[in-house]
Structures are given as C-alpha cells and as structure tokens.
Amino acid sequence: MLTIGQLAAYIGVTAKTIRVYHAKGLLPEPPRDASGYRRYSAADAIELIKIRTLAEAGVPLARIRELRSGGELRSALQRIDDDLSARIDGLRATRERLRQLADGQLSALPEPVVAFLSRLRDLGFSERWVTLQNDLWLLVFATHPSTARVSFEDQSSMLDDPTLLSLVLEYDGLHDMLPDDPRVDALAEKLVSATRARYGPDLPAYEGGSAIPALVQGAVNASSPAWRRLDTLIRERLR
C-alpha cells in the first residue's frame, strides 16, 4: 500500500493533483490506516494513470468524470480524438497563414483576384496601384460577399479592352500630377464617355444603398489630389 506522496512520485503527478481528483470525484478516496494516512492500492495507481493520460490529452476534468462513470468510453474517446484532429488541422492552417504573413504573402482574396493583381503588374501598372487595388478588393469582398464577385468580373474585364485598359493606365499615371493639370480634365471627359458607352443610363450600383463604394472611392481620392479632382469632374459630368 502506498502513501499519497509515494503514489504521486511513482505516477508523475503531485499530491495536490491527486487531492483535486478526489475533490472532483475522479478518483475515490481510499480508507485511512490506523495512523490516519490514506493508503493507495495498485488499482488506485492504475486509475490514476488513466486519469492522468486523459488529462494530458487535453480532456477537461469534468469530461473525464463523465467518461470514467459511463459505459461508452471507446466511442467518447473517438469523438475526443476527432475533435483534437480538427483542432490540429485548424492550428496547422493558422500556422501556415502566419508564415504567409511573415513572408508578406497573406491574402484573404479569392484566387482570381490574386491573379488579377499579378496581371496588373505585367500590364505596367505601378506597385502603388496594385497595392491600392488589393486593399480595396479586400474591403469589397469582406463587406459585400454576395455581389463582390460580379463587380470584380465587371472591373477585371476592362483589362481585355485595349481602350479601357489605356484609360485605366492613364488614371494610374495621374497620381503625382497637379490637380489643375489639363490632362486631368481630358481624362475625365474620356472616362465619362467610356462609362456611358459601357453602361448606358444604368450605372452599376451596390446592394442596399451601401456606403462602401463611397468609402472605396474616398480611399482612392485621399492618396492623390489629382485623383480627387478627377473623381469630382466625372461625377459632375455623369449627372
């Protein structure tokens, strides 16, 4: 027969842990001897090993008590194993995203948008424009998942039209110009004509009167006084 200290040393836990298991009803308290000490048997040691194994596997003590008292230990352990497998997969995915973040590659955007951004670089757009497009589509897809893909396909198809592509490249190139540069007015006129030819009287709109389009355009305008004046001119001429 073992004392609580001896049992703790053999099994690799503390005496305090054993007392917690007693208090939680996981391990029955053995009777005391004539000197008032608890004396533990081999059966107690075996039970303690099982409890410790479950606890080290991450099973909550309350759940261990249910498992130890019920008759479906094997199926319950299988469910716990399945839960642990799911958690492991989730942690691996999180780890991979952290590695991507460390490498500057993290993207919450769909693969077609990532390919679109890469294509912008190949077509001669500035890295500033590519970064801006990344951030804006990130905002659109996060706030309007039901319509973002349609809007994206509409915008990305512009790259297949040489005339529209030329206008967007010109838009990118105006970034560092003065707002009153004549090229700003000239591009505004060309963009208004192209917009009317592409959409007619029905300009594209977001669902539910969303504030996101204004927020997106505001982010664009904030980065360049020339872009801000260009947007103002376009809006005035489309009315």
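The values are calculated or read from the model by the stated rules, or taken from the named source; none is laboratory data. Just so you know, these numbers come straight off a predicted model, no measurement behind them. So basically every Cβ, Gly included, is an ideal-geometry build from the backbone, and we count neighbours across all protein chains shown.
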Taking region 118-150 and keeping only residues that are assigned to a loop (DSSP other than H, G, I, E, B) and modelled with pLDDT of 85 or more, one is left with 123, 124, 125, 126
Would it be correct to say that residue 128 is farther than 18 Å from residue 216 by Cβ and among the charged types (D, E, K, R)? no
Matching residues in region 9-26 - criterion: being under 11 Å from residue 52 (Cα atoms) and hydrophobic (A, V, I, L, M, F, W, C): 11, 13, 18, 26
Pairing a residue in region 49-62 that is under 20 Å from residue 6 (Cα atoms) and assigned by TED's automatic domain parsing to the domain that holds residue 14 with any residue that is among the aromatic types (Phe, Trp, Tyr) and at pLDDT 85 or above, where Cβ atoms lie under 7 Å and the two sit 6 or more apart in sequence or on different chains, gives 51/21
Looking for whichever is outside any loop (DSSP other than H, G, I, E, B), in contact with a helix residue (DSSP H, G or I) (Cβ under 8 Å, 6 or more places away or on another chain), at pLDDT below 85 and in the same structural domain as residue 152 (by TED's automatic domain parsing) here; the options are 219, 226, 214, 188. Which one fits? 219
So for region 79-86 (the condition being of a type outside the set (Ser, Thr, Tyr), over 22 Å from the mean Cα position of the chain (by Cα) and at pLDDT 80 or above), does at least one residue qualify? yes
If you go through 4, 51, the only one that is in contact with a strand residue (DSSP E or B) (Cβ under 7 Å, 6 or more places away or on another chain) and of a type in the set (Val, Ile, Thr) is 4
I need a count of the residues in region 151-174 that are outside any helix (DSSP H, G or I) and surrounded by fewer than 16 Cβ atoms within 10 Å (Cβ to Cβ). 1
